[in-house]
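The structure appears below as structure tokens.
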Amino acid sequence: MEPSAKNYDAFLERFTIWAMAQPNVRAAAIIGSRARQQDPADEWSDVDILVVARRPGLYLSDRRWLNELGHVWLAYVDRLPVGAGEECRAMFDGAIEVDFAIVSSQKMRLARFALGVWSRVPAVARLLPWNFRGHVAAMSEILSRGAKALVDKDGLTSALPPLELDVLRSTMPSQEQFLDLTNRFWHGSVWVAKHLRRGELWRAKDGCDVRMKATILHLTEWHAKASSGRWNLDTWALGRFLERWADPRVVAALGDAFARYESEDLWRALFTTMELFRWLARETADKLGLTYRTFAEEHATEWVCRCFSQRHAVQGVGSA
């Protein structure tokens, strides 16, 4: 049975009372699907809460504070899906899922100042340190999709000027960036083939279905933007709504690009993934006026095919 909206509302009331009573907590806001107007939450959505604290580490190193909010089924610390930093993910009675993105009030103030300047003079972004620029951009993108303030003792969330999403989205790749991405992919194909020959299915599946697919996703974003003629096309993050914005041929090909935990099926998925990347990279390069250098592809493909043809030879497990 799915958690009810009333259960989430009751939890948010408890959380707001708790946050108001904590001197360390300076602000808190609902973000994510439960704050968005576009593609809002459904009955299966969790709740994402941005927590701004003077000492955020207190809520990451010791999670006993969660017991003040309800009966905790489980809790752990994970990396934020967008931008740098960590979040505390928890589940309470009734399968109430809550992700607490916890950031420092000092960084929030710096982000507010940087966004104020950035929104007036976009070119100033190039002067910011790379890590901090990513933090500011991620913070602004999260809030620009929607935020509902629960607590704001210092005006930290309301004072954040949202940037237009097209200011934040990635710039068109350079020839060098495109080359790095293609080289990373073809190196991955050889890496997977080696582990398949060793009989290391877990490692091979991780390489084919996780690492190589991450590169496919990156290329799919570039391809979608290049095909639309709008580099500010919203491709969200981490493949969200991919079925909506990606080329339909990519969506169709992905159906055969993932493997079962079995050697022959992993070989099949590897070759399907390589073929998907091959045409996707060529089309993307053509649309962007870049050069797709086939040297790495040719050598990697030849080597992988040779490994495949010799796969019934005696396999031994070696070192990575």
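All of the numbers you see were taken from the coordinates with simple rules; none came from a lab. These numbers come from a predicted model, not from an experiment. We place every Cβ from the backbone using ideal geometry, glycine too, and count neighbours over all the protein chains shown.
Quick rundown of the values:
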read-out	value
Added length on full extension, which subtracts the Cα-Cα distance from 0.36 nm per residue, Arg282 to Ala214	22.7 nm
Sites Ser309 and Arg198, calculated FRET efficiency, Cβ-Cβ separation with R0 25 Å, nearest 0.05	0.90
Label-to-label distance, nm, for residues given as Glu243 and Val72 (7 Å Cα→Cβ offset)	3.5
Computed lengthening from Met20 to Glu43, 0.36 nm per intervening residue step minus Cα-Cα distance	5.5 nm
Arg36 versus Asp256: modelled label distance in nm, points set 7 Å from Cα along the beta carbon direction	3.1
Net charge of neighbours whose Cβ lies under 15 Å from the Cβ of Ser104, counting Lys and Arg as +1 and Asp and Glu as -1	+4
Estimated distance in nm for a label pair at Arg64 and His187, the labels positioned 7 Å out from Cα along Cα-to-Cβ	4.6
